[in-house]
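Let me begin by presenting the structure, written as structure tokens, before commenting on it.
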Amino acid sequence: MTDLCCLLAGLIRLLGPAALLIYWNRRTHARVFPAFVALAVCFPVFILGNAIRSGFHYSSPIFYYIQQGLLFGILEEGAKFIMLRFILTDYDDCTDAVTYSIGHGAYEEFGAGISCLSLIGKGTASPIILAVNFWAVIHSAVSGAAACIMILYGIRTSKSRIMLPAAVAFHAAGNIVLAVFIESAAVIITTLLTAAELYIAVRCWKAMQIPPINETEQQL
């Protein structure tokens with residue numbers, strides 16, 4: 001039974017982003033190109049992150065995880081900002097930002113999926129591995145999409161000095177909590193963090209759907 005849970009957990013991780021991309025494309029007619037760009041960008045970003053992390057000292061585990069959380073928060077959200085601000089300038093719709101987040105998440109889910117599959121036959125997997133990974137896929141998708149919407153909002157409204165650090169802070173906090181706290185507490189805390197991040201992202205999404213005042217006046 002545990003091996004079956006490992007298999008299902010691995011498949012959810014591996015196939016989840018692709019299923020989500022297909023659903024998102026059919027639901028909103030969003031363009032899929034940003035997802036592939038994000039997937040490609042993740043390779044140099046994570047290589048750089050792992051190289052920098054290798055120089056961290058593990059003498060203080062909590063400080064190590066704080067450094068790691070901040071490092072990948074800055075690198076990952078910084079990469080999203082650079083791509084949405086300077087490269088994918090023709091893909092400036094909210095749906096494109098969500099698509100980008102799906103591609104970014106696909107990179108992370110691939111590694112997690114392989115890890116789950118590697119536990120098959122070893123008898124070391126947690127009995128709740130399926131539930132935890134199902135939650136992780138949902139959490140990652142929601143948090144990633146929310147961060148991209150926040151970053152896009154900052155770009156559109158010239159508030160990146162606020163929104164980019166906010167996205168980095170949410171990302172770093174989530175990573176630190178998952179590494180430091182026990183599993184049950186980490187799930188509760190990260191769920192609350194993601195709910196707050198999602199609330200901000202929804203507000204940003206709605207604000208970006210409102211035409212500028214001068215444009216509205218022209219229509220009148």
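Tell me, in nm to one decimal, what length is gained between Tyr199 and Lys159 on full extension, where the rule is 0.36 nm per residue of separation less the Cα-Cα distance? Present the calculation step by step, with values, prior to reporting the outcome.
Working: separation 40, 0.36 × 40 = 14.40 nm, distance 1.75 nm.
Between Tyr199 and Lys159, full extension yields an extra 12.6 nm.
Between Arg85 and Lys122, what length in nm is gained on full extension when 0.36 nm per residue of separation is reduced by their alpha carbon distance? Show your work: numbers first, answer last.
Numbers: separation 37, 0.36 × 37 = 13.32 nm, distance 4.56 nm.
Between Arg85 and Lys122, full extension yields 8.8 nm more.
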Helix 129-157: inclination vs the chain longest Cα principal axis, degrees, rounded to 10, gives 30 degrees
Whole-Å distance linking the alpha carbon centroid of the range 86-164 with that of the range 3-73 is 6 Å
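Counting each DSSP H run of 4 or more residues in the chain as -39500 (n - 2.57), what helix-only mean residue ellipticity at 222 nm follows after dividing by all residues, to the nearest 500 deg cm²/dmol?
Values: 8 runs with 178 residues, N = 220.
Helices in the chain give a 222 nm mean residue ellipticity of -28500 deg cm²/dmol.
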Most mobile listed residue (Val98, Val45, Val137) in the chain, GNM with C-alpha springs under 10 Å: Val45
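Take the alpha carbon gyration tensor of the range 1-48, find the square roots of its eigenvalues, order them as a ≥ b ≥ c, and report rounded if a/c is under 1.5; if not, report prolate when a/b exceeds b/c, else oblate. Numbers along the way, then the final one.
Working: a/c = 5.74, a/b = 1.31, b/c = 4.39.
It comes out oblate by the Cα gyration axes.
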Summed over the other residues with a beta carbon less than 12 angstrom from that of His171, with K and R at +1 and D and E at -1, the charge totals -3
Run the dipole for the range 50-203 about the Cα centre, Lys and Arg Cβ at +1, Asp and Glu Cβ at -1, nothing else charged, and hand back the magnitude in debye, nearest 20. 300 debye
Is the chain best put as rounded, prolate or oblate by its Cα gyration tensor, with a ≥ b ≥ c the root eigenvalues, rounded for a/c under 1.5, and otherwise prolate when a/b is larger than b/c, oblate when not? prolate
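When a/c reaches 1.5 or more, the comparison of a/b and b/c decides; with that in mind, is the range 105-177 rounded, prolate or oblate per its Cα gyration tensor? Could the numbers behind the result be given before it?
Details: a/c = 3.57, a/b = 2.97, b/c = 1.20.
In terms of gyration-tensor shape, prolate.
Please report the net charge: other residues with Cβ closer than 15 Å to the Cβ of Ala79, K and R +1, D and E -1.
Details: positive: Lys80, Arg85; negative: Glu76, Glu77, Glu108.
Every neighbour counted, the sum reads -1.
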Roughly how many nanometres apart are two label points built 7 Å out from the Cα toward the Cβ at Ser184 and Ile74? 3.6 nm
Approximate spin-label separation Gln209-Asn25, in nm, with each point projected 7 Å along Cα-to-Cβ: 2.4 nm
Taking Cα atoms only, helix 2-28 is inclined relative to the longest principal axis of the chain by an angle, in degrees rounded to 10, of 10 degrees
On C-alpha positions alone, give me the angle between the axis of helix 61-82 and the longest principal axis of the chain, in degrees, nearest 10. 40 degrees
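All of the numbers you see were taken from the coordinates with simple rules; none came from a lab. Keep in mind that what you see is a predicted model, and the values were worked out from it rather than measured. Reconstructed Cβ throughout: ideal geometry from the backbone, glycine too, with neighbour counts over all protein chains shown.
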